[in-house]
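Chemist: Take a look at this one; I'll ask things after.
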Amino acid sequence: MTADMFWTLASGVPWTIGLTAVSLLIGVLLGIPLCALRMSRILALNLAAQAVILTLRAIPPIVWLFFIFFGLGSSVIELSPFQAGAVGLGLITAANMAEIYRGAMTAIHPGQWEAAHALGFTTWHRFADVIAPQLFRVALPTAAGYAIGLLKDTAIASTIGVAEVAFQASHVSQRSFRGLDVYAFAGLLYILLSLPIAWAARWADLHLRARVAR
Amino acid sequence: MSQRASSSTDPRFAPLPPLLTLEAVGKTFGSHVVLDGIDLRLAPGEVVAIIGPSGSGKSTLLRCINQLEPPTSGRVTLGGTVIEAGHTPGRRELMNLRRAVGMVFQSFNLFPHLTVLRNVSIAQERVMKRSRAEADKISMQLLARVGLADKAQQYPSRCSGGQQQRIAIARALALEPQIMLFDEPTSALDPELGLEVLAVMRELAENGMTMIVVTHEMHFAEEVSDRVIIMADGKIVEQGVSRDVMRNPQTERARRFLHAVKDR
């Protein structure tokens, strides 16, 4: 593989990282209200959240990206490939994060809510001071696993023209008629990118677990 | 129901107006009646032990007082706060009530992600709007009072069950409650660790704290509390001066329960 090919492939890395980070941020934040709605005792809100989560998760990501970029992007609102990719993957991530939070919520002892109620905490302080920090700790390993999956899923955005690693690999291989080493190198880049996420999650998990081990 | 020496008739309590009044408080879950028309008046400084078989509604009664379980009928009055069943209490009413009532749970319910000091401080900052420094200072005094100042920087998981329960007591005291509710505070502890918790509770009682203690510790009920209430099937079946009730119960249901406990 030539230096030129190497640098072309490497130029996709910031796009892969950027798309992963923005999608994850959208999902992590939007997942909170979606989870709250999903756990709502008001049936209409609960059912609406279930419908949204099901729709986002049941339709393949590539169909979502085509729908947003070619569908909405051409007729409703103009979107760059990156914007369309971030919105699509972000929404799918939000649905998955909502379910991850909901699972983590069941792991929190009901006594924690009761103690916060009995101490007179407001709804916000119950969440921010008592529930969220514990939720974060419980959800972290699953969320980190999802983040690594998301990093790989960003390759789907190559289909709508986001110039990330898979897009560059496809581009270089078509130009050079070399598939094996080009895609092997692209694979290596994905491994190198996912390792720090795994390490960071493992470190945070051990660090938090050591502090609050029961 | 035997009412031999309740707060309304015992001369020791008569001059003081009640701090807490429950009037016909009831709680049902579906068709299951857990509390059936409970009346209770508690004078300031009074220590009441509630005993009775499992499922008799003791814990639910405590939880109805601070509205962790909203009663389905009746009225709870504490200080100037009145909460009627069926009317969702306003945010301010609920806050006032909960600030005035400290609660200690069977399973401690400390916040595992916060240090011992933070566990005691955080509600002071959030609810009483004390500064961090002031809250920490008061927390250290309270931890010293329960004998755990040296644990301030530890996490609860590093403390024994008895220590965790003493921390939970300090946390509740930090909000300067008018009344403390204890929901089987020693049931999750082995007997030796239970003793250290009971010693703290005894000290509180001696210093004039108004307390309701749901307990299986018969010795504590008899020696430390002013009044014992025996509950069964969601009702108060007997109440009166501790020693009288414990040694010479008047009702058949109370006698049966006390026999069963003593025969164990």
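Chemist: Dipole size in debye (nearest 20) for region A:3-213 around its Cα centre, Lys and Arg Cβ +1, Asp and Glu Cβ -1?
Modeler: 440 debye
Chemist: Right, next: So how strong a dipole does the protein assembly as shown carry about its Cα centre when Lys and Arg Cβ are +1 and Asp and Glu Cβ are -1, to the nearest 20 debye?
Modeler: 200 debye
Chemist: Report the charge-dipole magnitude of chain B in Debye, nearest 20, computed about the Cα centre from +1 at each Lys and Arg Cβ and -1 at each Asp and Glu Cβ.
Modeler: 580 debye
Chemist: Along the charge dipole of region A:3-213, Cβ charges K/R +1 and D/E -1, which of A:204, A:91, A:154 sits furthest on the positive end?
Modeler: Looking along the dipole axis, the top candidate is A:204.
Chemist: Are there any helices in chain A, counted as whole DSSP H runs, that stretch 30 Å or more along their axis by Cα and score at least 1.6 on average by Kyte-Doolittle, and if so which?
Modeler: What comes out of the filter, once short or polar helices are dropped, is A:13-38.
Chemist: Right, another one. Cα gyration tensor of the protein assembly as shown, axes a ≥ b ≥ c as square roots of the eigenvalues: rounded (a/c below 1.5), prolate (a/b > b/c) or oblate? Intermediate values should be presented prior to the final figure.
Modeler: Details: a/c = 3.29, a/b = 2.49, b/c = 1.32.
It comes out prolate by the Cα gyration axes.
Chemist: Oh, and also: Mind listing the phi-derived Karplus ³J(HN,Hα) values for region B:52-65, rounded to whole Hz, using 6.51, -1.76 and 1.60 with θ = phi - 60°, and x for any glycine or proline?
Modeler: x, x, 4, x, 7, x, 4, 5, 4, 4, 4, 5, 6, 5
Chemist: Measure out, as a whole number of angstrom, how far apart the alpha-carbon centroids of region A:28-79 and region B:111-165 sit.
Modeler: With region A:28-79 and region B:111-165 each reduced to a Cα centre, they are spaced 43 Å.
Chemist: Which percentage, to the nearest 5, of the DSSP beta bridges contained in chain B is antiparallel?
Modeler: That works out to approximately 55 percent antiparallel.
Chemist: Would you list which aspartates and glutamates come within 13 Å of residue A:152, measuring only between C-alpha atoms, while excluding same-chain residues fewer than 8 positions from it?
Modeler: A:164
Chemist: Between residue A:62 and residue B:233, what's the calculated FRET efficiency when r is the beta-carbon distance and R0 is 45 Å? Round to 0.05. Walk me through the intermediate numbers first.
Modeler: Values: r = 63 Å, r/R0 = 1.39.
Using R0 = 45 Å, I get an efficiency of 0.10.
Chemist: Quick one: if the Förster radius is 22 Å, what FRET efficiency do residue B:158 and residue A:207 give, using the C-beta to C-beta distance and rounding to 0.05? Write down the numbers at each step before the final one.
Modeler: Values: r = 16 Å, r/R0 = 0.72.
For residue B:158 and residue A:207, the calculated efficiency is 0.90.
Chemist: A further question on this structure: Taking 0.36 nm per intervening residue step and subtracting the Cα-Cα distance, what contour gain separates residue A:199 from residue A:3 on full extension?
Modeler: 67.6 nm
Chemist: Separate question: So which lysines pass the test for residue B:151, namely a Cα distance under 23 Å, with those fewer than 8 places away in the same chain ruled out?
Modeler: List returned: B:137.
Chemist: Now, a different point. Mark the label point 7 Å from the Cα of residue A:132 along Cα→Cβ and return the residues of region A:36-58 whose backbone N is within less than 19 Å of it.
Modeler: Within reach of a label on residue A:132: A:36-40.
Chemist: Enter the angle in degrees (range 0 to 90, nearest 10) between the Cα long axis of helix B:252-262 and the first principal axis of the Cα atoms of chain B, meaning the one along which they spread out most.
Modeler: Roughly 50 degrees between the two axes.
Chemist: Distance cut-off 22 Å, Cα to Cα: go down the list B:27/B:129; B:27/B:235; B:27/B:58 and report the pairs above it.
Modeler: B:27/B:129
Chemist: Evaluate peptide A:110-117: per residue, the Cβ atoms of other protein chains within 10 Å of its Cβ; return the mean as an integer.
Modeler: Details: counts 2, 6, 5, 2, 8, 14, 5, 6.
That average works out to 6.
Chemist: Decide, for region A:3-213, between rounded, prolate and oblate: order the square roots of the alpha carbon gyration tensor eigenvalues as a ≥ b ≥ c, take rounded if a/c falls under 1.5, and otherwise choose prolate if a/b is larger than b/c, else oblate.
Modeler: Note, shape of region A:3-213 comes out oblate.
Chemist: Could you calculate the FRET efficiency of residue B:72 with residue A:70 from 1/(1 + (r/R0)^6), where r is the beta carbon distance between them and R0 is 35 Å, rounded to 0.05?
Modeler: E between residue B:72 and residue A:70, to the nearest 0.05, is 0.05.
Chemist: Hey, another quick one. Show me A:116-127, B:171-182 ranked by packing, highest mean number of other Cβ atoms within 10 Å first.
Modeler: B:171-182, A:116-127
Chemist: Once you place label points 7 Å from the Cα toward the Cβ at residue A:47 and residue B:176, how far apart are they in nm?
Modeler: Distance between label points: 5.1 nm.
Taken together, the values in this text are just the output of simple stated rules run on the coordinates, not laboratory data. Nothing here was measured: the structure is a model prediction, and the numbers come from that model. Glycine gets a Cβ as well: all are built from the backbone with ideal geometry, and neighbour counts include every protein chain shown.
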